[in-house]
2 protein chains.
Amino acid sequence: MTSRKLQVVSPVPADIDIANSVVPLHISEIAKDLHLNPDHYDLYGKYKAKVLLSVFDELKEREDGYYVVVGGITPTPLGEGKSTTTVGLCQALGAFLDKKVVTTLRQPSQGPTFGIKGGAAGGGYSQVIPMDEFNLHLTGDIHAITAANNLLAAAIDTRIFHENTQKDAALLNRLCPPNKEGVRTFNDIMFRRLKKLNINKTKPEDLTPEEVNKFARLDIDPDSITWRRVMDVNDRFLRKITVGQGPDEKGMVRETGFDISVASEIMAVLALTTSLSDMRERLGKMVIGNSKSGDPITADDLGLGGALTVLMKDAINPTLMQTLEGTPVLVHAGPFANIAHGNSSIVADKIALKLVGPGGYVVTEAGFGSDIGTEKFMNIKCRYSGLKPQCAIIVATIRALKMHGGGPVVTAGKPLDRAYVTENVGLVEAGCVNLARHIENTRAYGVNVVVAVNKFSTDTDAEIAAVKNAALAAGAFDAVLCTHHAHGGKGAVDLGIAVQKACESATQPLKFLYPLDISIKEKIEAIARSYGASGVEYSDQAEKQIEMYTKQGFSGLPICMAKTQYSFSDNASAKGAPSGFVLPIRDVRGSIGAGFIYPLVGTMSTMPGLPTRPCFYDIDLDTETGRVKGLS
Amino acid sequence: MTSRKLQVVSPVPADIDIANSVVPLHISEIAKDLHLNPDHYDLYGKYKAKVLLSVFDELKEREDGYYVVVGGITPTPLGEGKSTTTVGLCQALGAFLDKKVVTTLRQPSQGPTFGIKGGAAGGGYSQVIPMDEFNLHLTGDIHAITAANNLLAAAIDTRIFHENTQKDAALLNRLCPPNKEGVRTFNDIMFRRLKKLNINKTKPEDLTPEEVNKFARLDIDPDSITWRRVMDVNDRFLRKITVGQGPDEKGMVRETGFDISVASEIMAVLALTTSLSDMRERLGKMVIGNSKSGDPITADDLGLGGALTVLMKDAINPTLMQTLEGTPVLVHAGPFANIAHGNSSIVADKIALKLVGPGGYVVTEAGFGSDIGTEKFMNIKCRYSGLKPQCAIIVATIRALKMHGGGPVVTAGKPLDRAYVTENVGLVEAGCVNLARHIENTRAYGVNVVVAVNKFSTDTDAEIAAVKNAALAAGAFDAVLCTHHAHGGKGAVDLGIAVQKACESATQPLKFLYPLDISIKEKIEAIARSYGASGVEYSDQAEKQIEMYTKQGFSGLPICMAKTQYSFSDNASAKGAPSGFVLPIRDVRGSIGAGFIYPLVGTMSTMPGLPTRPCFYDIDLDTETGRVKGLS
């Protein structure tokens, strides 16, 4: 069976077996469907291609297609099938409703693939293929991020080290070595720092001793460094480490740690950038900590903005892949959904909207429930891109709604309670308060909301009817049952028709939840109110940070809330639609280059671990065929 | 100017300017010249392709071409142009002498590109292009090595952590969870461990408590762990670190460190493997340390041999690139030249020898002087590949010979002493003792030795004549002046003709320096004698390690000496051809999966640092054209 001709069997086989049963089309075929010629992309093997950013410039004058974002209700720890629904909807639009369509998805982190979670390519008969290439390496973007992030980290410690052992004049002489003619000069990136320091001189020898000190000595406060190293591996022993213990590092030890690579600010930059020159500026503006006098120190101050851009120059091009039914997918960027904004890239969406053109569809997924994913999609991603969605989907499952209605705790790896696999309309109805709030919050952006009920085999007609009624009562444009997991695109045709109607009848402009020109606290409070909070409480540390970022001139940035995805509130066990609570802000941090301030509502783990029996035990290569076995 | 039509100017411009002045051919053109069709390779953009291993199987019956290895005399810290000569020779053979030729080169480490060194693509008019793609990311092989290396590192600490908190029975139950039918089973990789333990049972419940303990508890001795984490960044602050200081790691702190990625044993495995199934076995056999009872613990014991192979499955395919004159280059693997064997991959050479076929040439470079690079090429690489070179080149410069003759110390970054830029035949003649020993040692392998004098503009005819005379007196097949840096392939035509004659007249079989079935010490001593040593002295630690490796059954492996490249002896300042010294062995380590034991003659730095002004200050992207600036 080759891609495009999907023959489904029942019961649904394992994801990897479905993925392996389909021979993908050569990616140049998928590109041709989008009217891309070989100059528009770089092949990476037979089933992946990087679509070049220049395509957007070429099609700039073309009208955009419809823009659809897929969010969800507050999920159980098992997930409610947002990615699967995103892929299934596109298979329906492309393979059954004859629409031009591009799915835009996040690139998954490689590390967790070897831990406890499976891949992130969708599931059942709604998947991106080849599944192993999607989950591992892809076209190297995350590896590029790791390299760039860690080069910056190395530069920070080394700069402090060299400043500790050299006087100002020696530093200047080393930074500006004589050229062949014996003349010392500043180079381009040094002029950026001089400009920031309001020094208008062009020759090193013209600097006063005070200016030499300001220019050559960054004087980084080691305690202020927020830049950590990253690795795309679940390595819990790197969460907190001490570096610099070698005999040659002269006792300059420091406590720091590693995050998983997708938590790097550079990933958020990649997701939010709009062009090569914009990426160059954002990378240069990233703040790694403060000088001892409290000034923010940037990658450009360290001389690195250009080199980081060079390391990221190919990563800015989105990767073209395909679904099981041969519809095109652009995979690009995968920032964390809590400490970052959890959405795939702006550039992929912008290119895709031009490629599908008027009447076509671009469907993208926003991480976590709509309180986090869709909110950040609207207030951060769309704010930077200038794009406006016509339709937002909210994926719901009977299982999650029952949990919100008061059902027993759902735990990954443990069997589901009976309440979840037998009819219980009462629980479903009670749980719809969660759905209703997601609908109301999402409608407030001025988009039409379509609820997609992702069907499980144990769901009953009465339960599904209850959800539909509640959805429409809460103001949804439509609510539709989907069976794309079992049937591929065919199972999401009704959803596709509903989305089409929702897009065609959308007329309102995008209304943000908050303007940018209010204070950091006012913005935090606007988001907190949308969660149902009656107020916000700030720790001393949070107050201090808000004051600092405001003083440093960063209060005009949008807010990226780092909150649990398991409740509207900060308390993961508060299901349904909690209200009247006070939202605690424990700390406030900034991704200044990416362009947002992120308040920490709880403790966010930024480095997962491995269990006693990680799934790598099952992963192997068939060395005869070269095929990957055991990936799930 | 497009590749293949080289127009040289004088004086020679900067490397990057030459590289940027040539438009490379589409790599499919280069592939076509080698009679490769699109099924034989995967494109990675327009100028790189991965040649699939299956090509070798397809051409298995074809006769090999000639096999030429390029080594050097003991170098100055400035380098004597081995890579440049390798590339220049191939440009001569391919573009001027109408021979089928493939250059096989190591992939350079990305980290140092941003530090103090320039790229490694050759120089002047003898380069591999595109130079930025050669030096950065390439096709992701080093990134794959980093990911695999660090997954194994994470698995080690996490396994110890989980074993510390669980009883034997709980460990077994977690390792062998019940399947859907409620039955506990061993999987493939577990049967490898059972076999190693001589346990012939097939069901977890049949194990005795002692067997459960042996199987499920690896009981790794934390002090014995030799596996370190890696990163392809010059990050000196990671040389020695303490991990596990997070609150959730229960105080299980441990001192360890990071090496640069190319120092990973996985890089050495990639370089020495001969097939996918061989790579699977080598990766699984890698020893990470010992159990508390002294048994070696492998990647397969940790359940990881298969997953590591999956991460490396694309990395095993060599990357096709081109020279400035459009001749093909296979870039593949770049192991350290001291703690590893410093040679590019076996699979690239094997594929290349089939592609050029009888009468064609494969020219590869061996890292450092011939005492290290060529010795390891013969005794390790050729031993594993079964291949036999016909000709070995020794690259010499007047500059280095003068140093060996007693010239003043040569220091990178400082101006050369007058002795090096004015005629001094006496110094050259005196220095030829170094060249002579390299020639004699290399001839002993049964190959014809051609000396290539890499000409600098200040070299005089009398000096060059002195080298030629000394070379022939020492038994060289020929000695030839080369000007490929200034003239491209045209400047190495004489060398090409000499190499052709040397290959055509080679008749002897390959004679190794030592057999494998003698003791570790006897092998070390055979190599030491070739350096001119009168004996070997072992530290207590070295004695202990030799005893351990012998007891563990690894004494049959070849030896990979970790010695300074700046002298035949352990003392970098002993130039010329020192003799009568006692070679000190400070420690002995093993790369068991890769397949060698490496005695440490000195302290080898495996993680470089960044200077006060790293070259990243000059690196930027022209965001209009997408072109890299400032890379050198």
Next on the checklist: Working only with C-alpha atoms, what are the Rg and Dmax values of the protein assembly as shown, expressed in angstrom?
Outcome noted: 31.4, 101
Item to check | Of A:F186, B:L197, B:L43, farthest towards positive along the dipole that unit charges on Lys, Arg, Asp, Glu beta carbons give the protein assembly as shown | outcome: B:L197
Item to check | the range A:480-563, relative contact order [Cα under 8 Å, separation at least 6], % | outcome: 23 percent
Checklist outcome for this item: A 1.4 Å probe over the protein heavy atoms gives the range A:270-310 a carbon and sulfur accessible-area percentage of 46 percent
Next on the checklist: Which trypsin sites (Lys or Arg not before Pro) in the range B:162-252 sit in a loop by DSSP (not H, G, I, E or B) and have at most 15 other Cβ atoms within 10 Å of their own Cβ?
Outcome noted: B:K167, B:K180, B:K201, B:K250
Checklist outcome for this item: Of the range B:164-195, those with amide N under 12 Å from the point 7 Å along the Cα→Cβ vector of B:K203 are B:183-186
Checklist entry - Hey, which aspartates and glutamates would be in cross-link range of B:K32, C-alpha to C-alpha under 17 Å, not counting anything within fewer than 8 residues on its own chain? => result B:D42, B:E58, B:D98, B:E325
Checklist entry - If you keep only loop residues by DSSP, which trypsin sites (Lys or Arg not before Pro) in the range B:528-606 have at most 13 other Cβ atoms within 10 Å of their Cβ? => result none
Checklist entry - Taking amide hydrogens as modeled 1.01 Å from N in the peptide plane, which residues meet the under 5 Å criterion relative to A:V287, leaving out close sequence neighbours? => result A:I592, A:G593
Item to check | Listed residue pairs exceeding 28 Å between alpha carbons, taken from B:K354/B:K490; B:K82/B:K354; A:K240/B:K203 | outcome: A:K240/B:K203
Item to check | Antiparallel bridge percentage (DSSP; both residues within the protein assembly as shown; nearest 5) | outcome: 45 percent
Checklist entry - How much of the accessible area of the range B:139-194, probe 1.4 Å, is carbon plus sulfur, in whole percent? => result 53 percent
Item to check | Restraint check, B:K50/B:K563; A:K214/A:K292; B:K381/B:K521; A:K402/A:K455; A:K250/B:K575; B:K376/B:K523, Cα-Cα greater than 23 Å | outcome: B:K50/B:K563; A:K250/B:K575
Next on the checklist: Per residue of the range A:367-380, what does 6.51 cos²θ - 1.76 cosθ + 1.60 with θ = phi - 60° give for ³J(HN,Hα)? Whole Hz please, x for Gly and Pro, Karplus curve as stated.
Outcome noted: x, 6, x, 5, 4, 9, x, 5, 4, 6, 4, 6, 7, 10
Checklist outcome for this item: Partner shielding of B:154-163, taken as the mean number of other chain Cβ atoms within 10 Å, equals 5
Checklist outcome for this item: For the range A:94-168, the dipole about the Cα centre with charges only on Cβ (Lys and Arg +1, Asp and Glu -1), to the nearest 20 debye, works out at 240 debye
Item to check | DSSP-assigned coil residues among GluC sites (Glu not before Pro) in the range B:145-221, each with at most 10 further Cβ atoms within 10 Å | outcome: B:E181
Item to check | Residues of the range A:47-158: accessible area per residue with a 1.4 Å probe, Å² | outcome: 24 Å²
Next on the checklist: Contact order normalised by length for chain B, with contacts defined as Cα pairs under 8 Å and 6 or more residues apart; what percent is it?
Outcome noted: 21 percent
Checklist outcome for this item: Over all Cα pairs of the range A:212-369, the Kirkwood radius sets Rh, and Rg/Rh then becomes 1.06
Checklist outcome for this item: Magnitude of the Cβ-charge dipole (Lys and Arg +1, Asp and Glu -1) of the range B:214-299 about the Cα centre, nearest 20 debye, reported as 80 debye
Checklist entry - Summing -39500 (n - 2.57) over the DSSP H runs of n ≥ 4 in the protein assembly as shown and dividing by its residue number, what mean residue ellipticity at 222 nm do you reach, to the nearest 500 deg cm²/dmol? => result -9500 deg cm²/dmol
Checklist entry - Long-range amide H contacts for A:A479: which residues qualify at under 5 Å (H placed 1.01 Å from N, peptide plane, sequence gap of 5 or more or a different chain)? => result A:V451
Next on the checklist: I'd like the mean, over residues of B:131-143, of how many other protein chain beta carbons sit within 10 Å of each residue's own Cβ.
Outcome noted: 3
Checklist entry - When ranked by the protection proxy of mean other Cβ atoms within 10 Å per residue, highest first, what sequence do the peptides A:419-429, A:6-16, B:345-355 form? => result B:345-355, A:419-429, A:6-16
Checklist outcome for this item: In order over the range A:25-34: 3J(HN,Hα) from phi, Karplus 6.51/-1.76/1.60, θ = phi - 60°, whole Hz, x for each Gly or Pro, gives 6, 4, 5, 5, 5, 5, 5, 4, 4, 8
Item to check | When each of A:K167/A:K196; B:K48/B:K313; A:K5/A:K350 is checked by Cα-Cα distance, pairs over 26 Å | outcome: A:K5/A:K350
Item to check | Positive-end extreme of charge dipole, the range A:104-213 - chosen from A:C176, A:A148, A:T158 (charges on Cβ) | outcome: A:C176
Next on the checklist: Taking 8 Å as the Cα distance limit and 6 or more residues as the minimum spacing, I'd like the relative contact order of the range A:379-523 as a percentage.
Outcome noted: 27 percent
Checklist entry - Other chains near B:250-259: what is the mean number of their Cβ atoms within 10 Å of each residue's Cβ? => result 2
Item to check | Chains B and A, summed buried accessible surface - 1.4 Å probe, Å², nearest 100 | outcome: 7100 Å²
Checklist entry - Ordered by residue, what ³J(HN,Hα) values in Hz, to whole numbers, does the range A:416-426 give under the Karplus form 6.51 cos²θ - 1.76 cosθ + 1.60, where θ = phi - 60° and Gly and Pro are x? => result 6, 4, 3, 4, 8, 10, 10, 5, 8, 4, x
Item to check | Cut-off under 5 Å, modelled amide H: who pairs with A:R254 long-range | outcome: A:V243
Item to check | Charge sum, other residues only, whose C-beta stays under 13 Å from A:Y566's C-beta, Lys/Arg counted +1 and Asp/Glu -1 | outcome: -1
Item to check | Only Lys, Arg (+1) and Asp, Glu (-1) charged, at Cβ; the range A:147-285 dipole about Cα centre in debye | outcome: 200 debye
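The values are calculated or read from the model by the stated rules, or taken from the named source; none is laboratory data. Worth saying up front: this structure is predicted, and the values here are computed from it rather than measured. For neighbour counting, all protein chains shown are included, and Cβ atoms are generated from backbone atoms with ideal geometry for every residue, glycine included. When the accessible area is computed, the model is the full protein with side chains, heavy atoms only, and any ligands, DNA or RNA have been set aside. Shrake-Rupley method; radii C 1.70, N 1.55, O 1.52, S 1.80 Å.
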